[in-house]
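The structure appears right after this line, and notes come after that.
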Amino acid sequence: MKTVLVTGFEPFDGERVNPSALAAEALNGREIAGHRVTGVVLPCVFGKSLAMLRGGIRCLQPELIICAGQRGGRAEIAVESMAINIVAAPIPDNEGNQPFARPVARTGPLAYLSTLPVEAIVAALRDAKLPAMISNCAGTFVCNHVFYGLMRTLHRARPGRGGFIHVPYLPEQAQRADGNPPSMPLEEIVRGLEIAVETSLTAEHNLRATVRANQ
Ligand code: PCA
């Protein structure tokens, strides 16, 4: 059976959980649209995360790769449209690295566009009554670094569908001393990523017009 790779990240910035890791673990082994999902948790460390992702791609040869990460403070599942060639870490990664004002790849282009059907995924998520949006910036921390590295690998070595999705905090993470940010139950995050996988495997076109009409 053909494979889909879904990745999440380990907890970072003092959190005890990362919803993207729990969702990748929940999807591991599931069959979606005739494909078997392999869920992998990446370290929240510059360099190592990308090396592990590339190792997974080499070994699994997946048809589709969706990387996910946590973006605290947002209410929506955010389907990222592009990865940018810059690293500017606002906080240290899990090994204390805090690179700043560096390119992800010295000789790479300024940006890569996601090859997921971004608009079609957002439309499918909204049809399923899940809050969803297109995001045009995945930040400048480890998620964007992995997203850029993924798109560079796909661009250079093996064209295919791949991209990045940010997910909100879990309700338990939103009980904080410094406010009450939006959150989403794990079941909805898992369902959202499942819909993203299914849409990416089945959508022939990017439904730009549909999403515009919904906004
Ligand atoms: N979110 C961070 C890194 C790991 C994660 O889940 C980010 O948005 O860069």
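Principal axis lengths of the range 108-199 from Cα atoms, whole Å, largest first?
So the extents along the principal axes, rounded to whole Å, are 43, 30, 17.
For the chain, take N as its residue count and report Rg(C-alpha) divided by 2.2 N^0.38 Å. Don't skip to the answer; put the middle values down first.
Numbers: Rg = 16.0 Å, N = 215, 2.2 N^0.38 = 16.9 Å.
The chain yields a ratio of 0.94.
With each run of n ≥ 4 DSSP H residues scored as -39500 (n - 2.57), what mean residue ellipticity at 222 nm is computed for the chain after dividing by its residue count and rounding to the nearest 500 deg cm²/dmol? All intermediate terms of the calculation are to be shown ahead of the outcome.
Working: 6 runs with 71 residues, N = 215.
When only DSSP H runs of four or more count, the value is -10000 deg cm²/dmol.
Which of the listed residues, 64, 45, 86, is farthest toward the dipole's positive end in the range 41-89, when Lys, Arg count +1 and Asp, Glu count -1 at the beta-carbon?
45
Please report how far the C-alpha centroid of the range 139-177 lies from that of the range 20-44, rounded to the nearest whole angstrom.
14
Would you order 38, 199 from fewest to most other beta-carbon atoms within 10 Å of each residue's own beta-carbon?
On the way: 38 19, 199 22.
Going from sparsest to densest Cβ surroundings: 38, 199.
If you take every DSSP beta bridge fully contained in the range 1-139, what fraction is antiparallel? Give it as a percent rounded to 5. It would help to have the intermediate numbers written out before the result.
Working: 6 of 22 bridges.
Counting only bridges with both partners in the range 1-139, antiparallel ones make up about 25 percent.
Output the peptides 2-15, 98-111 sorted from most to least packed, where packing is the average of other Cβ atoms within 10 Å over each peptide's residues. Show your work: numbers first, answer last.
Working: 2-15: 19.2, 98-111: 12.5.
Going by the mean number of other Cβ atoms within 10 Å, highest first, we get 2-15, 98-111.
Taken together, the values in this text are just the output of simple stated rules run on the coordinates, not laboratory data. Computed from a predicted structure; not experimentally measured. In this analysis, Cβ positions are derived from the backbone assuming ideal geometry, glycine residues included, and neighbour counts consider all displayed protein chains.
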